[in-house]
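These notes concern the structure reproduced below.
Rule-based calculations on the coordinates, nothing more; no lab input. Keep in mind that this is a model prediction, so the values were computed, not measured. When we count neighbours, we look across all protein chains shown, and the Cβ atoms used for this are built from the backbone with ideal geometry, even at glycine.
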Amino acid sequence: MLVDGIAAMLHSGDVGNYHGYAAVQGRGTVALPAELRRKYRLDEPGAQLEITEREDGVIELRPTLPVPVDEMWFWTEGHQVAEREAEDDLAAGRFRTFGDAESFIADLESLAADTSQ
């Protein structure tokens, strides 16, 4: 959207083909088109737009949704590092599967015995 010569664009990791304009109302209110609100889940409770002003005069809007308190641990940097490591291990084939709980527990016990020696 162009407002007073300043370009603003709606952007998430998946840039679509949408192009349009939105009027800036009194007190700076901007209504996004319904299709974009649905596409980026901005019609959900608590949805927000991250706003970044770039040096080249572009105002970027990124849709965000709040994270429930009981899920915040998942998004900590330490846990995200562990998630990436786990994904790498899976991709490289560094995992074992078990046919039942007993064989899984036996493997854990074997690993524990190896580390205690």
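To two decimal places, what compactness ratio does the chain give when its Cα radius of gyration is scaled by 2.2 N^0.38 Å?
1.75
Enumerate by residue number the chymotrypsin sites (Phe, Trp or Tyr not before Pro) in region 58-117 meeting two conditions: DSSP loop (anything except H, G, I, E, B), and at most 13 other Cβ atoms within 10 Å of the site's Cβ.
Details: sites: TRP73, PHE74, TRP75, PHE95, PHE98, PHE104; in loops: PHE95, PHE98.
Sites meeting the loop and neighbour criteria: PHE95, PHE98.
Using a simple spin-label model with points 7 Å from Cα along the Cα→Cβ vector, what separation in nm is obtained for GLU102 and GLN25?
The modelled label-to-label distance comes out at 6.8 nm.
Which percent of Cα pairs goes in each bin when the distances of region 69-115 are cut into 10 angstrom slices starting at zero?
22, 28, 39, 11
Which of the trypsin sites (Lys or Arg not before Pro) found in region 51-117 are loop residues per DSSP with 11 or fewer other Cβ atoms within 10 Å of their Cβ? It would help to have the intermediate numbers written out before the result.
On the way: sites: ARG54, ARG84, ARG94, ARG96; in loops: ARG54, ARG94, ARG96.
Passing both the DSSP loop test and the Cβ count: ARG54, ARG94, ARG96.
Please rank THR97, THR29, fewest neighbouring Cβ atoms within 10 Å first, as an exposure proxy. Working shown, then result.
Working: THR97 6, THR29 9.
In order of increasing Cβ crowding within 10 Å: THR97, THR29.
Using only DSSP helix segments of four residues or longer, with each worth -39500 (n - 2.57), what per-residue ellipticity at 222 nm results for the chain after dividing by its residue count and rounding to 500?
Theoretical 222 nm ellipticity from helices: -10000 deg cm²/dmol.
With a 10 Å Cβ neighbour count serving as the proxy for reagent exposure, in which order, fewest first, do ASP70, ASP88 appear?
Arranged by neighbour count, lowest to highest, ASP70, ASP88 become ASP70, ASP88.
If I take every Cα pair under 8 Å that is 6 or more residues apart in region 47-105, average their sequence separation and divide by the length, what percent do I get for the relative contact order?
Reported as a whole number, the value is 19 percent.
Who wins for biggest fluctuation among GLY57, GLY46, GLY28 in a Gaussian network model of the chain, springs between alpha carbons below 10 Å?
With Cα springs under 10 Å in the chain, the top fluctuation among GLY57, GLY46, GLY28 is at GLY28.
Compute the acute angle (0 to 90°) between the alpha-carbon long axis of helix 101-115 and the principal axis of greatest extent of the alpha-carbon atoms of the chain; round to the nearest 10°.
It works out to around 80 degrees.
To make sure I understand, if each residue's beta carbon is the centre and we count other beta carbons within 10 Å, what order do TYR21, TYR40 fall in, fewest to most?
TYR21, TYR40
If one takes the longest principal axis of the Cα atoms in the chain, at what angle in degrees, from 0 to 90 and to the nearest 10, does the Cα axis of helix 77-92 lie?
Between helix and principal axis, roughly 60 degrees.
Which whole-number percentage describes the relative contact order of the chain, with Cα contacts under 8 Å and a sequence gap of 6 or more?
20 percent
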